[in-house]
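Read through the structure below, which is laid out as structure tokens, and then see the notes.
The values are calculated or read from the model by the stated rules, or taken from the named source; none is laboratory data. From a predicted model like this one, the values you see are computed outputs, not experimental measurements. Note that we place each Cβ from the backbone using ideal geometry, even for glycine, and neighbour counts take in every protein chain shown. Surface accessibility is based on the protein's heavy atoms, side chains included, excluding ligands, DNA and RNA. Shrake-Rupley method; radii C 1.70, N 1.55, O 1.52, S 1.80 Å.
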Amino acid sequence: AQKITQTQPGMFVQEKEAVTLDCTYDTSDQSYGLFWYKQPSSGEMIFLIYQGSYDEQNATEGRYSLNFQKARKSANLVISASQLGDSAMYFCAMREGRAGANSKLTFGKGITLSVRP
Amino acid sequence: DGGITQSPKYLFRKEGQNVTLSCEQNLNHDAMYWYRQDPGQGLRLIYYSQIVNDFQKGDIAEGYSVSREKKESFPLTVTSAQKNPTAFYLCASSTRGQGWFETQYFGPGTRLLVL
């Protein structure tokens, strides 16, 4: 079974609107971390937001928030007030186990987001 | 400026040739990683190193080799044994865990093409 699943086809959103990018994960560990990265056409991976499995509140970073539903094993990224520069590929990733003890990340296949003016 | 540099940006390999991709970081990070990305796909881990003079195989290590002689450098060699090397290669680094949080930061990548 895939550890990280991103199944949405290419997503489109109107500028200034909000959009949700879905991510489900599979792990038997109690301790894990979830990450979202943005990859523009230039190729560099840009870290957006992190959620730890024991964090009680959903993570937020500026216009990015993570809708963490532990029982459903989902970690959806919400981008508010979309901008043209948000057009990119978005990847969900997971680290299983405690940070430091295991630093490996497993990535999903990504979702393409296009922001329309 | 602190960051991760990768060179070259584009690399061409002839059949049967070994090529080496450079990755340097000045973030004082302990851990470094190499990933491969194929078109329309996510990243797959090739090798990683959590400390100087030590490294571990990732999910797709066959046909690749690495060294970690200095904390700031983690070069990747794509050997002739790698039959399908055309891909985008990304290097990353991270701090050793502080509490529960350890983020990997990436370089700009190297695109490898086979002639």
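All other residues whose Cβ lies under 13 angstrom from that of residue B:58 are scored, Lys and Arg at +1 and Asp and Glu at -1, for a net of +2.
Would you work out what percent of the accessible area of the protein assembly as shown, with all protein chains in place, is carbon or sulfur (probe 1.4 Å)?
Carbon plus sulfur share of accessible area: 47 percent.
Association of chains B and A removes close to 2000 square angstrom of accessible area from solvent, both sides included, for a probe radius of 1.4 Å.
Taking 22 Å as R0, compute the FRET efficiency from the Cβ-Cβ separation of residue B:5 and residue B:115 and round it to 0.05. Can you show the working numbers first?
Details: r = 25 Å, r/R0 = 1.14.
So, using R0 = 22 Å, E works out to roughly 0.30.
Using a cut-off of under 12 Å, list every residue of the stretch B:1-30 whose amide N is near the label point 7 Å from the Cα of residue B:77 along the Cα-to-beta-carbon line. From the stretch B:1-30, the list is B:18-21. Find, among the GluC sites (Glu not before Pro) in the stretch B:1-88, those assigned to loop by DSSP (not H, G, I, E, B) with at most 11 other beta-carbon atoms within 10 angstrom. The qualifying sites are B:15, B:62, B:69. The residues of the protein assembly as shown have, on average, 48 Å² of accessible surface per residue, using a 1.4 Å probe with all protein chains present.
Within the stretch A:48-117, report the GluC sites (Glu not before Pro) that DSSP leaves as loop and that have at most 16 other Cβ atoms within 10 Å.
On the way: sites: A:56, A:61, A:96; in loops: A:56.
Hits after loop and neighbour filter: A:56.
Between residue A:47 and residue A:28, the simple label model (points 7 Å from Cα in the Cβ direction) yields a spacing of 3.0 nm.
Which of the residues in the stretch B:18-47 show a loss of at least 50 Å² in accessible area from their chain by itself to the complete set of protein chains, at a probe of 1.4 Å? Buried by 50 Å² or more upon assembly, which counts only protein chains, are B:43. Label positions at residue B:84 and residue A:58, each projected 7 Å from the Cα along the C-beta direction, are separated by 3.9 nm. In the stretch A:50-73, the residues whose accessible area drops by at least 30 square angstrom when the other protein chains are added to the isolated chain are A:50; the probe is 1.4 Å and only protein heavy atoms count.
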